[in-house]
Amino acid sequence: MTSDVRQGSIADLHVLFQNESLIAIHKPPGMHVHQPEMARRRVPRELTVLWTLRRQVEKFLYPVHRLDVATEGVLIMALQSEVAGRLQAALQAGQVKKVYHAICRGWMEDEGLIDMPLERDSNGTLADASTKFRTLAKVECPFPVGKRYPTARYSLVEARPLTGRWHQIRRHFARSSHPIIGDREHGDSHHSRYFRESLGLGGLWLRASELSFEFDGEPYRFAAPFTQRWQNACGQLGFSPEIMQPRRLQDGK
């Protein structure tokens, strides 16, 4: 199956796995998981994963977690409410391991841990938040983007959130002076515009690459396909796609 968002038509979503308990898909950028709760107006239902996937598989589905509308990657839904509740509890307990990839402004350190409390999206109170990262590749373009530096530097980064706060990776990277390219809320508009207008690489450069957990004694691991969009970005920036294969860490995170 192909996976994209087409204006005026409904495209099948790319199903990675399905059994009697859950279904894993690749969510394309531009789709909401479900109707936004605080939006001033409803989005077209064909731009929501929940409606589109229910129509596609002809089964009632229960959301387990969310991805931002601009983020692509692995998304899971449950086929029973009881399964959804158990998986949500596993997420909250940190028992679900997530791997993301992002293209960021500047050269990040080779690896590290961003341990920085973030405001909750519900009431603004601070909550503990930790993101582990390692830099996979760096590139320097010999021309200025903006007025501050004579060259433009970018990093391809693997991120593993150890907590699950709203926009956690996006806010952590932005507050560490390495915003993700294409991030309209937390990013750098000059570099995002350069990617969009000069390189033809629009959108948010963040993907949920892998998700793994254990359920009913069985291990599950889902990996997002390496889409043409990311192939184009890696090709233009000189990043090798092979380096985006997740590495197993000794601490299991």
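Points to keep in mind about this one:
- Computed across the range 71-145, the Kirkwood hydrodynamic radius from all distinct Cα-Cα pairs reaches 16.1 Å.
- Net charge of neighbours whose Cβ lies under 13 Å from the Cβ of residue 187, counting Lys and Arg as +1 and Asp and Glu as -1: +3
- Loop-located GluC sites (Glu not before Pro) in the range 10-113, at most 10 other Cβ atoms within 10 Å (DSSP): 20, 37, 58
- Remark: the range 128-219 is approximated by an ellipsoid whose semi-axes, taken from the C-alpha gyration tensor as √(5λ), come to 29, 14, 13 Å, largest first.
- Using θ = phi - 60° and Karplus 6.51 cos²θ - 1.76 cosθ + 1.60, couplings along the range 185-201 (whole Hz; Gly, Pro as x): 8, 10, x, 10, 5, 5, 6, 5, 5, 4, 4, 6, 8, 8, 9, x, 10
- In the chain, the calculated helix contribution to ellipticity at 222 nm averages -5000 deg cm²/dmol per residue, counting -39,500 (n - 2.57) for every DSSP H run with n ≥ 4.
- Relative frequency of Cα-Cα separations exceeding 21 Å in the range 178-245, percent: 38
- Amide H contacts of residue 163 (H built 1.01 Å from N, under 5 Å, at least 5 apart or other chain): 130
- The mean of 1/r over all pairs of different alpha-carbon atoms in the range 1-93, once inverted, gives a Kirkwood hydrodynamic radius of 13.5 Å.
- Near residue 139, once Lys and Arg are set to +1 and Asp and Glu to -1 for all other residues with Cβ below 12 Å from its Cβ, the sum equals +2.
- Sequence-distant lysines (8 or more away, or on other chains) whose Cα lies within less than 21 Å of residue 27: 59, 97, 98
- All Cα-Cα distances of the chain, cut into 10 Å bins from zero to the largest, leave 7, 30, 36, 22, 4, 0 percent in each bin in turn.
None of the figures in this text is laboratory data; all of them are computed from the coordinates on show. These figures come from a predicted structure and were not determined experimentally. Here Cβ is always computed from backbone atoms with ideal geometry, including for glycine, and neighbour counts include all displayed protein chains.
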